[in-house]
1. With θ set to phi - 60° and the Karplus curve 6.51 cos²θ - 1.76 cosθ + 1.60, what are the ³J(HN,Hα) couplings of region 66-79 in order, to the nearest whole Hz, using x for Gly and Pro?
2. For region 1-126, which whole percent of the accessible surface, found with a 1.4 angstrom probe, sits on carbon and sulfur atoms?
3. Which of 74, 48, 15 ends up with the largest GNM mean-square fluctuation for the chain, with Cα atoms connected below 10 Å?
4. Seen from all sides and averaged, what is the projected area of the convex hull of the Cα atoms in the chain, in nm²?
5. In nm, to one decimal, how far is the residue 53 label point from the residue 13 one, both placed 7 Å along Cα→Cβ?
6. Given a 1.4 angstrom probe, what's the average accessible area per residue across region 14-149, in square angstrom?
7. How much accessible surface does residue 104 have with a 1.4 Å probe, in Å² rounded to 10?
8. Please identify every one of the trypsin sites (Lys or Arg not before Pro) in region 51-149 that sits in a loop by DSSP and has no more than 16 other beta carbons within 10 Å of its own beta carbon.
Amino acid sequence: MKMIIRKATTNDLKALKEIEDESFLNPFKEKDLLYELSENPVSEFLVAVDESDNVIGFIDYWITFDSATIDQIAVKKSMRNQGFASFLLENCIQSLKESGEVSFLTLEVRKSNLPAIGLYKKFGFEKVTIKENYYDDGEDAIYMVKGLV
Ligand SMILES: CC(C)(COP(=O)(O)OP(=O)(O)OC[C@H]1O[C@@H](n2cnc3c(N)ncnc32)[C@H](O)[C@@H]1OP(=O)(O)O)[C@@H](O)C(=O)NCCC(=O)NCCS
């Protein structure tokens, strides 16, 4: 299937919310997504779509000075394991490298989230530390970093 990347807009809200709800234990509410899409000054929000502009997945990352952090990345459940998250992450990394201003990319991931950990390792992220009790339900986060220069 053809993968197309574009910036997310508020017209994507419904599709994003559906992916959000099937992907996260504590999904963002519509207003949280709306904030990321239209208000958060540090947010870059990309979607992967098919030829008919159906949203398959998204990545939301924040750029703050010389570092960036992945806030969220998710792919529609029925479309996983086909390379969409890799495509999104590749585009994010490429555009950060092109900006020339960001030297590293960070993220937190649930200790139990093996698919996501597998994805990040594939892209060269390294475990820096464990953040204990990071999530509301008490699960630890693995803090990972990838250098971009
Ligand atoms: C994590 C997630 C975004 C991966 O999306 P995806 O489109 O299926 O990922 P890709 O097809 O690009 O796979 C990339 C790599 O991820 C890893 N991976 C994907 N699914 C995996 C699984 N079920 N188990 C182990 N590793 C997995 C593999 O290393 C894979 O590379 P490979 O195909 O060369 O082996 C998706 O599972 C998802 O949306 N999960 C729910 C939301 C989430 O947990 N987001 C991350 C929060 S930190």
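The values are calculated or read from the model by the stated rules, or taken from the named source; none is laboratory data. If you're wondering where the values come from, they're calculated on a predicted model, not measured in any experiment. Quick reminder, even Gly has a Cβ in these numbers, built from the backbone with ideal geometry, and neighbours come from all protein chains shown. What goes into the accessible areas is simple: the full protein's heavy atoms, side chains included, and nothing from ligands, DNA or RNA. Shrake-Rupley method; radii C 1.70, N 1.55, O 1.52, S 1.80 Å.
1. Values, residue by residue: 9, 10, 10, 9, 7, 7, 8, 9, 7, 10, 3, 3, 6, 10 Hz.
2. Values: 3510 of 6880 Å².
Of the solvent-accessible surface of region 1-126, carbon and sulfur hold 51 percent.
3. 15
4. Values: hull surface 34.7 nm².
Mean projected area for the chain: 8.7 nm², to one decimal.
5. With each label placed 7 Å out from Cα toward Cβ, I get 1.7 nm.
6. Numbers: 7470 Å² over 136 residues.
Ligands and nucleic acids excluded, the result is 55 Å² per residue.
7. Accessible area of residue 104: about 70 Å².
8. Working: sites: 76, 77, 80, 97, 110, 111, 121, 122, 127, 131, 146; in loops: 76, 80, 111.
Passing sites in region 51-149 are 80, 111.
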